[in-house]
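Just below is one structure, and these are the notes that go with it.
The values are calculated or read from the model by the stated rules, or taken from the named source; none is laboratory data. Source: prediction; values computed, not measured. In this analysis, Cβ positions are derived from the backbone assuming ideal geometry, glycine residues included, and neighbour counts consider all displayed protein chains.
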Amino acid sequence: MPNWFFDENLGSIPFQTTSIKTDVGLVQKTPFEHDLNSTLDELNSFLQFEDNKKITAILEKGNFDFIFCDISPLGLHFSKMLGIPSCLLENFTWDWIYEEYLSQENNFKKPIEQLKGIFRSANLHIQTTPICDPVQDAHAINPIFRPAKKDRMTMRKSLGIREEEQVILVTTGGIPQKYSFLHKIKEDRNRFYILTGAFSEYERGSNFCLLPHKSGHYFPDLIQSADGVVGKVGYGTVAEVWGAQKPFIAVFRENFRESEPMRNFINQNIAGAEIDDQTFQNGDWIGDVESFLKIDESKRIISPMNGSDQAVTIISEWLTNKQVT
């Protein structure tokens, strides 16, 4: 996680970062393919929790009220070891994800049991919608999304896009992806495309622009400027599309357990369509873009409540009451 990401999101809030490996997750070959053997190798090494003197020194030196974790087990491990209260915020945990692969690789059994114990050790547990594996004592909240900082037209002007143009944002989240369908996009003169990905520099064409991950443009502002979003289903993208109430052409990862809860949430709450990976990679969806741009009024929410506000309230009350549950 580069420092510019924190600068972009925290603005004037002071912060310090320490670079350390906090999780394994799934080792990705591409945004849509993972490598189970490499994942197991890295996972078994990581879960020994060796060579963490740096973070131990920081935690022992500071006077911390609590350790706040997403699905990374590292913070929860040190929370238990050092007696610092912990808060876990998740829509799935890795033990639940890995269970899907036990039929292919039985060696996941040991890490799964270790991770279950770690995740259960959290003193406060918050689950964000779409929740994959509901936990009885956890606090359920709405999707967490980053609100846009700029309005639609301000963002379009900064990108040199006309007010009347239909704009499509294409994204595969934070994992680098080069798009093989760019030639088809160049042929579509009816729309403007914003493509984010593993580009070394900004490039502008007559009906498209390529934006590297560090583009200087806030991603929620890009969503706000668009008439629709096309790309890989991941929590951040889905939550921010929902928060902005934009149509979404969704591309799901195969053999990934989170996909089904995500699919259910999208079908019920977000206008758009679903396409497979091959259709996305080939650009065969481009000719049908018009059909998904209309907002489904039955799914529209005027002002979605942000799960981040709910989480802040829960955490603040927990700290105020010294409540370790």
Test result for V229, in contact with a Pro (Cβ under 9 Å, 6 or more places away or on another chain) and at pLDDT 95 or above: yes
The number of residues in the stretch 18-42 that are of a type in the set (S, T, N, Q), touching a Leu at 6+ places or on another chain (Cβ under 8 Å) and closer than 15 Å to L74 by Cβ is 1
Does E260 meet the test of being over 15 Å from the mean Cα position of the chain (by Cα), more than 24 Å from E33 (Cβ to Cβ) and without any contact (Cβ under 8 Å) to a residue 12 or more places away in the chain? no
If the Cβ limit is 6 Å and pairs must be 6+ apart or interchain, which residue in the stretch 267-285 that is without any contact (Cβ under 8 Å) to a residue 24 or more places away in the chain and surrounded by fewer than 16 Cβ atoms within 10 Å (Cβ to Cβ) pairs with which residue that is part of a helix (DSSP H, G or I) and of a type in the set (V, I, T)? none
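Take the residues in the stretch 47-75 that are in a loop (DSSP other than H, G, I, E, B) and of a type in the set (A, V, I, L, M, F, W, C), then tell me which one is surrounded by the most Cβ atoms within 10 Å (Cβ to Cβ). Walk me through it before giving the result.
We begin by selecting, within the stretch 47-75, every residue in a loop (DSSP other than H, G, I, E, B); these are 47-52, 62-66, 70-72.
From the residues that got through so far, the ones that are of a type in the set (A, V, I, L, M, F, W, C) too are 47, 49, 64, 66, 71.
On the way: L47: 17, F49: 14, F64: 14, F66: 17, I71: 21.
Once the filter is applied, the top-ranked residue is I71.
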Does I97 fit the bill of being buried (at least 19 other Cβ atoms within 10 Å of the Cβ), more than 21 Å from R253 (Cβ to Cβ), among the hydrophobic types (A, V, I, L, M, F, W, C) and within 21 Å of the chain's Cα centre (by Cα)? no
Can you work out which of the residues in the stretch 255-266 that are part of a helix (DSSP H, G or I) and among the hydrophobic types (A, V, I, L, M, F, W, C) is surrounded by the fewest Cβ atoms within 10 Å (Cβ to Cβ)? F265
Flag if E164 is assigned by TED's automatic domain parsing to the domain that holds L222 and exposed (fewer than 13 other Cβ atoms within 10 Å of the Cβ): yes
Filtering the stretch 276-324 down to residues that are among the charged types (D, E, K, R) and in a helix (DSSP H, G or I) yields D277, D288, E290, E297, K299, D309, E317
Could you grab the pairs with beta carbons closer than 6 Å, sequence gap of 6+ or different chains, first residue in the stretch 61-82 and in the same structural domain as L124 (by TED's automatic domain parsing) and farther than 10 Å from A122 by Cα, second one part of a loop (DSSP other than H, G, I, E, B) and among the aliphatic types (A, V, I, L, M)? F64/I84
Given the condition surrounded by fewer than 19 Cβ atoms within 10 Å (Cβ to Cβ) and closer than 30 Å to K29 by Cα, answer yes or no: does some residue in the stretch 297-316 qualify? no
Determine if the stretch 4-17 includes at least one residue that is touching a Leu at 6+ places or on another chain (Cβ under 9 Å), closer than 29 Å to K178 by Cβ and of a type in the set (D, E, K, R). no
